[in-house]
Amino acid sequence: MLKPSDRTRAQARRGRRDPTLPEAVFWKFLRDRRLEGLKFRREMPLGPYIADFACPSIRLILELDGGVHALRAERDAVRDAWLTANGWTVLRFANEAVLTNPALLFQAVRDHAVRHGKA
């Protein structure tokens with residue numbers, strides 16, 4: 001896997017400092033950066049990309065997508081393919097899901113953890 005560039009690291013720091021509302025809400029739900037005993041990192045640089053939330057122990061990335069992602073579907077597909085080729089599973093959720101039904105995300109994490117023997 002490629003080492004993140006200084007530029008990517010700086011963008012990740014900015015993202016942690018200035019999260020979107022859904023990212024801030026989800027991070028607050030995680031409490032102590034953990035869910036079901038799994039540790040998450042926020043705005044984690046991975047090669048040329050930055051994951052919204054990543055759980056390295058089960059190689060899971062959670063992406064919270066706003067409306068702009070409808071215009072970037074092709075770019076997101078290339079990004080997801082690169083991350084998948086490097087051993088990560090990417091789950092995407094609309095921002096509205098975090099704000100209206102965060103249990104949906106928690107269940108997706110639980111299901112992934114069970115499949116990887118971490119639950």
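So the values come out like this:
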quantity: The chain - Debye-derived log10 I(q)/I(0), Cα point model, q = 0.15, 0.16 Å⁻¹; calculated: -0.66, -0.76
quantity: Where the chain is the region considered: accessible area per residue in Å², 1.4 Å probe; calculated: 59 Å²
quantity: GNM flexibility winner over the chain from 72, 42, 16 (Cα, springs under 10 Å); calculated: 72
quantity: Fluctuation leader among 25, 78, 90 - the chain, Gaussian network, Cα springs under 10 angstrom; calculated: 78
quantity: Rel. contact order, % - alpha carbon contacts under 8 angstrom, at least six apart, segment 1-113; calculated: 25 percent
quantity: Rounded accessible area of residue 29 (nearest 10 Å², 1.4 Å probe); calculated: 90 Å²
quantity: Length-normalised contact order for segment 50-119 - Cα pairs under 8 Å, 6+ apart - percent; calculated: 33 percent
quantity: Heavy-atom accessible area order for 118, 28, largest first, 1.4 Å probe; calculated: 28, 118
quantity: For the chain, size of Cβ-based charge dipole, Lys and Arg +1, Asp and Glu -1, in debye; calculated: 560 debye
quantity: Residue-level accessible surface for residue 36, protein heavy atoms, 1.4 Å, Å²; calculated: 110 Å²
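The values are calculated or read from the model by the stated rules, or taken from the named source; none is laboratory data. These numbers come from a predicted model, not from an experiment. Positions of Cβ are generated from backbone atoms using ideal geometry, with glycine treated the same way; all protein chains shown enter the neighbour counts. Just so you know, the surface numbers come from the protein's heavy atoms only, side chains and all, with ligands and any DNA or RNA stripped out. Shrake-Rupley method; radii C 1.70, N 1.55, O 1.52, S 1.80 Å.
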